[in-house]
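Structure, as structure tokens:
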Amino acid sequence: MAVRSFQARLLWLIVAVLALLEAGTLISVHLAGQHALRRSVSDELGVGARIFTRTLEDRARQLAGNLRILAKDFAFRELVASGDVPTISSALENQRKRVEAGAVVLVDLDGNVKADTLDGRMAGRRFPFVSMLAQAQKNGEEASAIISFSNKPYQFVIVPVLAPQPIARLCAGFEIDEKQLADVRALTSLDVSLWSSTAGLISTLPPEERNDLPAQMLRAPQTTLHLGNADYETLVKPLPTSDNSRVNVLLQRNLAEARKPFVTLEKWIFALSFVMLLAAVVAAVIFSRSVSRPLRVLAEGAGRVERGDYVSPIVVEQKDEIGQLATAFNQMQAAIGAREEQIMHQATHDALTGLPNRTLFLDRLSQAIANSKRSGESVGMIMMDVDRFKEINDTLGHHFGDQLLIEIGRRLSHKVRHNDTVARLGGDEFAIKFTAPTARHATEVASRVGTAFDAPFVLGDVSIDVNASLGIALYQMHADDADTLMKRADIAMYDAKKNHSRFAF
């Protein structure tokens, strides 16, 4: 093809226009990605600030609720009225340990400390946070505020002791420490730092970045800081205090980590754009007019894949290279969807029995416990393993052992309700999650599960009697979280095995 020919000039024009368009698209995508990144990070910081505030409020409400229970206790009110300071101090110390508070103080109506859990260091003195007392009186004898206590940031709450009129005020506070910051970090993926004029800096940042932070104390509410070898978008939120001390919470997002999804997206867009440009050049040489429609179809398909749609196929009627490209794209789309589904299933299910694995079981158990906290219904779990399974494996072979595990999983699945979960944790160890209004109901579930082993297991031409040891644990009765509940069930299972009983609590 002559370089000066109309066809060549048209081809070069099309190539140049397409190249400019592709370059403009990549630049626009990059700029839009940077804008979206900043907006996304800003939104994350805002949400993180609200979560931090809500965490403090929830903890204060929980502490106030515990104090109200103590304040309404008749024996405690009698004790307060008696003025027996040593006994009051002992009661306050028991309450402090129970609610894991940093300090608990009893203040009379004149604002004097009658007893405390600080070895009497405040007893007989004026309560130092007068503004909190004024706020409590204004709010109906209850108040909550952040203060600097013992040179550390504390959140204090005040509730009245009524008999039936107020006879004293019960005050308690907890330190805002690194553990609380770590809890917010786990919820939001943001690094959280707390700076106060009395306690200095506490932070979830890595040590190198944390050491660089004091030298860059912020002047703007939101800015970008270079700490260590990383850039952090930082939001500063001053916390209102009752004693006029300065306490700031700094929420920070590592920009390199936040940018990773956008960089990956840009690479995919660049790769797809390059493929599309080549296809457009080939099609322009042969079919300059008919190539625009299939290109649009391919672009729409790329957009669907980008949005995660792996089902809708790309339909191109042509049988040439563009049609083959569409076919390959559909195959790639279907393969990606199938691999994602397979990876998700493999990550959450046992390969041998097809039952949920430990990861999925722990997730469902945690969800059930979270739902139980709202509904009030108890959650139970059973941990079990097969007695003498190693002997069965050694005697009859691993293939027989595998088939036995499959059959056990099948029988267990038929013994529970559809909303319960049967999981294989590994080896010959199985677990069952269920809801249990009472301990008696849990016993009934365990008895029903145990019947799965009443009938012999017939595998091929071999019939074998198999027994199992079951350990039962109930949420709230034995543990308050999923990990501890599993440990308690495991201990109960070994008790059952040791005592040669079918199940134990």
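Data for the structure
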item: Between helix 255-286 and the chain: long-axis angle, C-alpha atoms, 0 to 90°, nearest 10; result: 10 degrees
item: Square roots of 5 times each gyration tensor eigenvalue, C-alpha, segment 17-76, largest first, Å; result: 57, 6, 4
item: Degrees separating the helix 439-450 axis from the principal Cα axis of the chain, which is the longest one; result: 40 degrees
item: Distant-in-sequence amide H partners of THR117 (H built 1.01 Å from N, under 5 Å); result: VAL104
item: Nearest-0.05 FRET efficiency for SER372 and GLU100, computed from C-beta distance (R0 30 Å); result: 0.90
item: Square roots of 5 times each gyration tensor eigenvalue, C-alpha, segment 200-263, largest first, Å; result: 24, 13, 10
item: Integer Hz, Karplus 6.51/-1.76/1.60 couplings in order for segment 141-146, x for Gly and Pro; result: 6, 10, 7, 9, 7, 9
item: Probe 1.4 Å, protein heavy atoms only - accessible area per residue of the chain in square angstrom; result: 54 Å²
item: Heavy-atom SASA rank of LYS237, LYS433, LYS498 (probe 1.4 Å, accessible area, largest first); result: LYS498, LYS237, LYS433
item: Normalised alpha carbon radius of gyration of segment 116-272 [divisor 2.2 N^0.38 Å]; result: 1.39
item: Percent antiparallel among DSSP beta bridges (both partners in the chain, rounded to 5); result: 95 percent
item: Selection of trypsin sites (Lys or Arg not before Pro), segment 29-131, meeting DSSP coil and at most 13 other Cβ within 10 Å; result: ARG121, ARG125
item: On Cα atoms only, tilt of 6-72 relative to the major axis of the chain in degrees; result: 10 degrees
item: Sequence ranges 360-370, 26-36, ranked by mean other-Cβ count within 10 angstrom, highest first; result: 360-370, 26-36
item: Relative contact order, percent, the chain [alpha-carbon distance under 8 Å, six or more residues apart]; result: 9 percent
item: Accessible-area ranking of MET384, MET122, largest first, probe 1.4 Å; result: MET122, MET384
item: Two-decimal Rg to Rh for segment 303-458 - Kirkwood Rh, Cα set; result: 1.17
item: Accessible surface of TYR154 - all protein chains present, 1.4 Å probe, nearest 10 Å²; result: 20 Å²
item: Theoretical ellipticity at 222 nm over the chain - DSSP helices of four or more residues, -39500 (n - 2.57) apiece, nearest 500; result: -18000 deg cm²/dmol
item: Rule-of-thumb Rg ratio for segment 32-134 [Cα; 2.2 N^0.38 Å; N residues]; result: 1.58
item: Cα gyration tensor of segment 360-440 - equivalent ellipsoid semi-axes, whole Å, descending; result: 30, 11, 10
item: Carbon/sulfur fraction of accessible area - the chain, other protein chains in place, 1.4 Å, %; result: 55 percent
item: Integer Hz, Karplus 6.51/-1.76/1.60 couplings in order for segment 245-252, x for Gly and Pro; result: 6, 8, 9, 10, 9, 10, 9, 9
item: Förster radius 51 Å - calculated FRET efficiency between LEU277 and THR484 (Cβ-Cβ, nearest 0.05); result: 0.30
item: Convex hull per residue volume in Å³, alpha carbons only, for segment 426-505; result: 103 Å³
item: Rg(Cα) / (2.2 N^0.38 Å) computed for the chain, rounded to two decimals; result: 1.41
item: Within the chain, longest stretch free of exposed GluC sites (Glu not before Pro) [DSSP loop, at most 11 other beta carbons within 10 Å]; result: 101-316
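The values are calculated or read from the model by the stated rules, or taken from the named source; none is laboratory data. Small disclaimer: the values here were computed from a predicted structure and weren't measured. Here the Cβ is made from the backbone with ideal geometry for all residues, glycine too, and neighbour counts use every protein chain on show. All accessible areas refer to the heavy atoms of the entire protein, side chains included, with ligands and DNA or RNA removed. Shrake-Rupley method; radii C 1.70, N 1.55, O 1.52, S 1.80 Å.
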